Structure formats: C-alpha cells, structure tokens
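K.L.:
Just passing along the structure, written as structure tokens.
Just so you know, all these numbers are worked out from the coordinates, no wet-lab data involved. The structure presented is a predicted model; accordingly, all values stated were derived computationally and were not measured. Here Cβ is always computed from backbone atoms with ideal geometry, including for glycine, and neighbour counts include all displayed protein chains.
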Amino acid sequence: MQNNMRIAFVGGGNMATALIGGLAGKLTAAANIHAIDISEAALLKLREQFGVTTSVAIDAAVAQADVVVLAVKPQQMKEVVAALRPHLGSQLLLSIAAGIRALDLSRWLGGYGAIVRTMPNTPALIGRGITGMTALPGVSAAQREFADAIMQAVGQTVWLDDESLIDPVTAVSGSGPAYVFYFIEAMQEAAQAMGLTAEQGKQLAIATFTGAAELAAKSSDPVSLLRERVTSKGGTTYAALTSMEQSGVKELIIKAMKAASARGKEMGEEFGRD
C-alpha cells in the first residue's frame, strides 16, 4: 500500500465516491485524500463516510497532490482546467470524464504531458468495474503504476496504446451496463407476460445474467461454445435464438454499439473545441 500517495479529487459525484471508497485506508490513508466539489452536502458525506479532507474550491491541496483525479462533467471541464492550471507542477492528471480527450486537456494546460485518460463504468460502484486507460507520452512509469492502482481499486483495467480506442471502449464497457439492464428489463417483462410475478421475473433474470457472466469469466471456452452447449437443435433455446437471428438482434446490437462509439468521437470533437 502506498500510504504516502496524496490524491486530490476535483468532483465528488458517484464515481469519485466509489474511487475514494476503494482507496481510503487501502491504497493510501484517508488523510491523504482531498475532495473538491461545489456541493457542501456531497463533501459532508465524503468527510463522514471516509474521513477525507474537503474544500468547495480548488486550493493548495491540489498543488501538494501526487495525483489529481478529474471527476467533473464534460461540460465543466474547460472551466475546471483553467482554475487548476496555476496549481499544477508535475502531478499526474487522471481524467474519468467522458468525451474529453487527453490531448485537448494537454492543449488547454499549455502542453502539460502527465495525463492519463480513463473510461470506467458504473459497476465500479460495487468494486466490479472495468476501466479502459490510455496515457500521454509525458506520463512516467511510476505515474502509470499510480493510475493503474487507483482504477484497480474499483475493478479491472485495460490499457490502450491509442487514445482513439477509448471510443470503442466507451461503447463496449462504458455504456455496456445499460445494455445489460435493458435486456434484463425485457426478460422481466416477458416473464410477467407469461404469467410469472414481477419479483419472480426479476429474480430469474438477474440470477441468469450474473450466473452466465460468471460462467463465461471462469471458463476457458469461448462464449460461442458455451452458447452452443445450451442450444439443442429443435429445443426451447434454439427456438428463442432462431427468433432473435431472424429479427436481426445481433446486427442491431452491433449497430447500436457502433453508434455509441461514433457519439463518443463526436463528444470529443465537441468538447475539445477552443
């Protein structure tokens, strides 16, 4: 555990709270974590829950930090970065904001190079997230390790060599939980339409998803083979999957994910404008 790592969070929302919860007293002492947010209620919650220090504005604690985590909305980032700039020296900037490119952050900060951009997802709230990560060339090996350790506090990490791949990561895992919830909703509705209660449908659908995902994670076989093992020709699963194939469900899912990736790229261009 890096007890002396000092981390400042700019933004105290859900994802920042999840990260602080995974870090405080584990990767570093709670006293080494400082959270900044305009919401006094959010800061009070963080102080009471984790024992971190807080402030309502960017202050000297940022200048003393080893890592500054940017956890604000994309629309606020440019203003936040302008306020942050006078306090930066050699700290690592770790951005968890969607749609903000590391190269744009660097440009707004006059060529600042120690920036890691990440795309986490909401299962981080229960320590089961996965985060895509990419680093600018100015990030040192030690800073890269710090960034990885911080994001591993809430789940797995995947490093990318090309920042443009953050958009596909956003489409797959960043937005991915919503696709899962959407499918679970459909399964629940179908269960009720076929006579099961709402609670029975919910229990069956969620347990099926979590169990199948865990089986896929633990099996050395490809998911296509796992699917085939459940699908006896002429059986019930075969009937369901044949219906999905005839309706083009797989193609629609792929099309939807490509749309999410394209929107991620558009957001980068939109928020990156000077």
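K.L.:
Provide the gained length on full extension for the span residue 38 to residue 181, in nm with one decimal, where the gain is 0.36 nm per separating residue minus the Cα-Cα distance.
P.N.:
The residue 38-residue 181 span can extend by a further 48.4 nm.
K.L.:
Using only Cα atoms, figure out Rg for segment 176-267 and give it as a multiple of 2.2 N^0.38 Å.
P.N.:
Against the compact-globule rule of thumb, the ratio is 1.25.
K.L.:
Nearest 5 percent is fine: what portion of the DSSP beta bridges confined to the chain is antiparallel?
P.N.:
15
K.L.:
Between segment 1-76 and segment 187-211, what is the C-alpha centre distance in whole Å?
P.N.:
Measuring centre to centre over Cα atoms gives 39 Å.
K.L.:
Cα to Cα, under 13 Å, and not fewer than 8 places away if on the same chain: which aspartates and glutamates meet these conditions relative to residue 78?
P.N.:
Partners within reach: 104, 270, 274.
K.L.:
Continuing with the same structure: Work out the charge dipole of the chain with +1 on the Cβ of Lys and Arg and -1 on the Cβ of Asp and Glu about the Cα centre, then indicate which of 106, 156, 268 is farthest towards its positive end.
P.N.:
Farthest along the dipole direction, towards plus: 156.
K.L.:
Hey, what's the Kirkwood Rh for the chain if you take every pair of different alpha carbons, in angstrom?
P.N.:
Averaging 1/r across every pair of different Cα atoms and inverting gives 20.6 Å.
K.L.:
Next question. To the nearest µm²/s, what D does Stokes-Einstein give for segment 152-211 at 20 °C and 1.002 mPa s, using the Kirkwood radius over alpha carbon pairs as Rh?
P.N.:
157
K.L.:
Among 131, 208, 197, flag the residue with its Cα farthest along the positive direction of the charge dipole of segment 128-230, charges on Cβ as +1 for Lys/Arg and -1 for Asp/Glu.
P.N.:
Ranked along the dipole, the leading option is 197.
K.L.:
Right, another one. Order the peptides 180-193, 143-156 from the highest to the lowest mean number of other Cβ atoms within 10 Å of their residues.
P.N.:
Those peptides, ordered most packed to least, come out 143-156, 180-193.
K.L.:
Can you give the Rg to Rh ratio of segment 66-178, both from alpha-carbon atoms, with Rh computed by the Kirkwood formula?
P.N.:
0.94
K.L.:
Too long at a 31 Å Cα-Cα cut-off: which of 202/233; 218/265; 26/258; 202/255?
P.N.:
Table pairs above 31 Å Cα-Cα are 218/265; 26/258.
K.L.:
Rg and Dmax in Å for segment 1-101, alpha carbons only: what are they?
P.N.:
Values for segment 1-101 (Cα only, Rg and Dmax): 12.4, 34 Å.
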